[in-house]
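Asks: Sharing a structure below in structure tokens format, with a few things to ask.
The values are calculated or read from the model by the stated rules, or taken from the named source; none is laboratory data. Note that this is a predicted model, so its numbers are computed, not measured. Here the Cβ positions follow ideal geometry from the backbone for every residue, glycine too, while neighbour counts run over all protein chains shown.
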Amino acid sequence: MDKRFAIIDIETTGGMVKRDKITEIAIVLHDGHRIIDQWDTLIYPERSIPEYITRITGITNEMVAEAPKFYEVARKIVEMTEGAVFVAHNVRFDYGFIRAEFQRLGYTYTRKQLCTVRLTRKLFPGLGSYSLGNLIRHFGISVNARHRALDDTLATTIVFEHILDADADNENVKHFVNRGIRESKLPANVDLDDLHNLPELPGVYYFLDQDGQVVYVGKSINIQKRVMQHFARITDKAAKMQQKVASIEYTLTGSELIALLLENKEIKKLQPEINRALRRKSFPYVAYAAYDLDGYIFLGVQKKNKIADRNAVIIHEYPDLRAARGAVKRMIDSFELCENKSDHATGPGSCFSFKIGKCRGACTGEEKPESYNERAELAMRMLRKSVEDNLVIIDRGREPDEKSLVAIVDGKLYGWGYAHETDLQINSLDHALEHIRPCNATPEDIKILHWFIHENKVEKMIAF
């Protein structure tokens with residue numbers, strides 16, 4: 001087991017990683033027996049500290065005015081935590097903020113992580129609350145200044161020592177550090193350090209066999225987390241990976257959309273053995289239309305192979321039930337259609353939308369099929385129209401000052417690429433295409449784009 005732990009606490013201007021910044025950090029180094037070093041500093045967050053945060057932490061704008069900026073202490077943080085497990089009470093919060101600060105500097109910060117909240121829940125059941133404040137009371141820890149980084153870090157250190165005492169063989173610590181993976185379950189040529197060294201960023205990953213042949217391709221917004229999940233599971237798929245995989249490679253994409261598109265193309269091109277063995281329909285749910293007994297167009301959602309009405313028309317395909325139902329509900333609301341003429345029926349009699357003035361009365365017979373079906377057909381056309389004919393989607397890049405671009409030309413995927421933010425003065429489609437590498441379009445590409453756009457995952461779109 002790792003014998004060096006960096007126990008960390010931060011204070012911030014708020015709880016949103018994308019908006020808020022760190023105002024104070026403390027690191028206590030522990031070798032599993034005792035504290036071997038400690039360090040703390042205020043940090044100038046380059047934005048004002050809200051009053052409610054000052055009331056909680058006691059840290060004011062005046063206190064941080066002369067403090068170093070994050071980039072000035074970044075090297076110290078790297079050096080102190082190098083080769084150590086990153087320990088925090090609710091580690092996702094502290095680790096997420098620190099990782100985001102490094103990303104803004106163009107540096108990928110990756111450490112093994114350990115959460116004292118999860119460990120105390122496991123080792124000290126029945127406490128009711130596992131907040132740091134409650135654990136301080138439970139263990140009788142003396143703290144001078146709650147919600148200051150060093151005091152909270154020292155308190156977390158004492159909690160951690162109680163964890164180590166209760167977990168004599170360190171099996172629970174190992175389990176949580178390695179996310180449930182047993183080294184004996186890994187492929188012969190892959191070890192836990194290989195997995196911990198994978199990036200926690202969006203991209204596509206490749207599992208290769210002894211001969212360098214790709215046997216599996218996957219994508220994730222966090223490559224390390226997803227790969228670790230593969231090897232933590234006890235499934236036929238995990239067993240096949242344990243037997244076949246000899247090495248792991250990856251391609252960073254920055255954008256989740258490009259990861260989806262690249263994964264689709266790589267699977268088609270490489271035909272990996274494990275992907276083939278587990279192949280399934282990527283878009284099994286559909287929105288469909290059929291006439292009901294009264295002559296109204298009924299908009300339904302169902303698995304493609306389970307539509308009972310042979311005269312039904314499939315409008316569009318979706319990756320899951322939620323996406324399909326959401327798309328149909330948006331059309332019902334947009335075109336003032338009747339919920340009872342769809343899978344969103346609200347019961348016998350008039351539908352709920354009629355009661356609030358958003359349905360024109362197909363459910364009560366007040367609106368005749370002819371006028372109702374005109375709007376239903378418009379809704380069907382809108383559902384079919386997956387994306388604009390000429391469109392550029394702008395999203396996150398692989399570096400802080402980079403953006404990704406995905407281009408649709410004449411209703412088909414043209415390709416994707418990357419550009420520096422300063423070069424993104426896009427005045428025409430031709431200008432955008434200068435940054436983009438063409439690819440061979442497939443029907444699945446448009447389905448992926450449609451789903452991604454309608455799930456509101458896009459940062460920015462420009463139609464031409």
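Asks: Show the residue pairs meeting these rules: Cβ distance below 9 Å; 6+ apart or different chains; first residue within segment 420-443 and over 17 Å from residue 395 (Cβ atoms); second residue of a type in the set (Gly, Ala, Ser).
Replies: 429/407; 434/417; 434/419; 438/407; 438/415; 441/415
Asks: I'm told residue 113 meets every condition in (1) surrounded by 15 or more Cβ atoms within 10 Å (Cβ to Cβ); (2) more than 19 Å from residue 196 (Cα to Cα); (3) out of contact with any His (no Cβ under 8 Å at 6 or more places or on another chain) except one. Can you identify the failing condition by its number?
Replies: Result: residue 113 fails condition (2) only.
Asks: To continue, here is another question. Looking at segment 388-401, can you tell me whether even one residue there is modelled with pLDDT under 95, of a type in the set (S, T, N, Q) and over 30 Å from residue 427 (Cα atoms)?
Replies: Checked against the condition, which is being modelled with pLDDT under 95, of a type in the set (S, T, N, Q) and over 30 Å from residue 427 (Cα atoms), segment 388-401 yields no hits at all.
Asks: Can you tell me how many residues within segment 91-106 are modelled with pLDDT under 95 and either crowded, with 23+ Cβ neighbours inside 10 Å or assigned to a loop (DSSP other than H, G, I, E, B) (or both)?
Replies: Adding up the residues that qualify gives 2.
Asks: Can you tell me which residue is farthest from residue 290 (Cα to Cα) among those in segment 339-368 that are under 35 Å from the mean Cα position of the chain (by Cα) and hydrophobic (A, V, I, L, M, F, W, C)?
Replies: 352
Asks: Still on this structure: In segment 132-150, which residues are out of contact with any strand residue (DSSP E or B) (no Cβ under 8 Å at 6 or more places or on another chain) and assigned to a helix (DSSP H, G or I)?
Replies: Across segment 132-150, the qualifying residues are 132, 133, 134, 135, 136, 137, 138, 139.
Asks: Starting from segment 97-115, take each residue that is at negative phi and list its partners that are in a helix (DSSP H, G or I) and among the hydroxyl-bearing types (Ser, Thr, Tyr), counting only C-beta distances under 6 angstrom and pairs at least six apart or across chains.
Replies: 105/71; 111/81; 113/95
Asks: Give 295, 326, 347 a once-over and let me know the one that is out of contact with any Ser or Thr (no Cβ under 7 Å at 6 or more places or on another chain) and part of a helix (DSSP H, G or I).
Replies: Criteria check complete, one pass: 326.
Asks: Please work out if residue 360 is part of a helix (DSSP H, G or I) and either at positive phi or surrounded by 14 or more Cβ atoms within 10 Å (Cβ to Cβ) (or both).
Replies: Details: part of a helix (DSSP H, G or I): no; either at positive phi or surrounded by 14 or more Cβ atoms within 10 Å (Cβ to Cβ) (or both): yes.
Taking the combined requirement at face value, the residue does not satisfy it.
Asks: Can you tell me which condition residue 427 does not meet? The list is (1) modelled with pLDDT of 90 or more; (2) over 28 Å from residue 328 (Cα atoms), and all the others hold.
Replies: (1)
Asks: What is the number of the single condition among (1) modelled with pLDDT of 90 or more; (2) within 27 Å of residue 324 (Cα to Cα); (3) touching a helix residue (DSSP H, G or I) at 6+ places or on another chain (Cβ under 7 Å) that residue 415 does not meet?
Replies: (3)
Asks: Would you mention how many residues in segment 33-63 are assigned to a loop (DSSP other than H, G, I, E, B), crowded, with 16+ Cβ neighbours inside 10 Å and more than 31 Å from the chain's Cα centre (by Cα)? Break it down stepwise before answering.
Replies: Initial filter on segment 33-63 (assigned to a loop (DSSP other than H, G, I, E, B)): 33-34, 43-50, 58-60.
From the residues that got through so far, the ones that are crowded, with 16+ Cβ neighbours inside 10 Å too are 43-45, 49, 59.
Narrowing further to those that are more than 31 Å from the chain's Cα centre (by Cα): 59.
Residues that pass the stated criteria total 1.
Asks: Look at segment 376-410 and say how many of its residues are crowded, with 19+ Cβ neighbours inside 10 Å and either outside the structural domain of residue 435 (by TED's automatic domain parsing) or not basic (Lys, Arg) (or both).
Replies: Qualifying residue count for the region: 17.
Asks: State yes or no: is residue 326 within 30 Å of the chain's Cα centre (by Cα) and not hydrophobic (A, V, I, L, M, F, W, C)? Don't jump to the end; show me each part of the working.
Replies: Numbers: within 30 Å of the chain's Cα centre (by Cα): yes; not hydrophobic (A, V, I, L, M, F, W, C): yes.
Criteria met by residue 326.
Asks: Output yes when any residue across segment 65-72 is buried (at least 18 other Cβ atoms within 10 Å of the Cβ) and either more than 25 Å from residue 399 (Cα to Cα) or assigned by TED's automatic domain parsing to the domain that holds residue 166 (or both), and no when none is.
Replies: Yes, the conditions are met somewhere in segment 65-72.
Asks: Considering only residues that are more than 25 Å from residue 82 (Cα to Cα) and either among the small types (Gly, Ala, Ser) or buried (at least 22 other Cβ atoms within 10 Å of the Cβ) (or both), which ones fall in segment 14-32?
Replies: 14, 15 - these are the residues of segment 14-32 that are more than 25 Å from residue 82 (Cα to Cα) and either among the small types (Gly, Ala, Ser) or buried (at least 22 other Cβ atoms within 10 Å of the Cβ) (or both).
Asks: Residue by residue through segment 309-332, note down the ones that are surrounded by 15 or more Cβ atoms within 10 Å (Cβ to Cβ) and charged (D, E, K, R).
Replies: 317, 325, 329
Asks: Scan segment 339-352 and give yes if some residue there is in contact with a strand residue (DSSP E or B) (Cβ under 6 Å, 6 or more places away or on another chain) and not polar (S, T, N, Q), otherwise no.
Replies: Within segment 339-352 (the criterion being in contact with a strand residue (DSSP E or B) (Cβ under 6 Å, 6 or more places away or on another chain) and not polar (S, T, N, Q)), the answer is yes, since at least one residue qualifies.
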